[in-house]
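Below is one structure, written out as structure tokens; comments come after it.
Read-outs throughout are calculated quantities, based only on the coordinates presented, and are distinct from any laboratory measurement. What you are looking at is a predicted structure, and each value in this text was computed from that prediction instead of being measured. Quick reminder, even Gly has a Cβ in these numbers, built from the backbone with ideal geometry, and neighbours come from all protein chains shown.
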Amino acid sequence: MRFNKLIVGATVAVAALLSACGSGASADGSTSSTTAPTSSAASETTTQPPSTSTAAPTTSSAKPTTTTSKSTPKSTTSKPSTPKPGPAEGAPCTADASACIDLSANRAWLLTDGKVTYGPVPITHGRPGWRTPPGTFRVQWKNIDHKSREFDNAPMPYSVFFNGGIAFHAGSLRQLSHGCIHLSTAAAKAFFVLPVGAVVQVVP
């Protein structure tokens, strides 16, 4: 019986010893487990700075697109396509005019390639309130025996219309017109040869 008590006492002592080792091991284990999250948290903070450094190249790569968007060579190639015509010889108009009217001198000319082919001939033009407008126009249409509906069917033989209702035509060289260019009958026949589209220049 004593022997049994001794065995039981020894067993209890071994069990107490083993339980003391187990608590020590668990204490060590808990310490090692608490250090592991600390090292993992440290590794997480080191991964953040590289992500901010990768954003810098994105902003620097946007600069070349603004420099390549400028396109200036297109404007330089379109300028030399429209040269201005020079002056005509012997008339106060430019060389591209087929008919030239000088309102202040009361004279008119026909031209071909910048040279006078007919004229100067005397004219009359618009009276006050019906002034003949200066400018560059084109022959729009012609009528050899035109009558004005606006002015009581007044005859306008050899009419060459170049600005709406304004035309060259045979008319009085003493009376001012309602805007048309009056020519002698001989001059009106010469001006009637002008084709549709011919340039008519009226200078003040």
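Computed extension length for V193-D113: 27.2 nm, one decimal, from 0.36 nm per residue of separation with the Cα-Cα distance subtracted.
Taking 0.36 nm per residue of separation and subtracting the Cα-Cα distance, full extension of the segment from D152 to R127 would add 7.2 nm.
Fewest-first ordering of K147, K84 by other beta carbons within 10 Å of each residue's beta carbon gives K84, K147.
Calculated on the alpha-carbon coordinates, the convex hull of the stretch 99-203 measures out at 92 cubic angstrom per residue.
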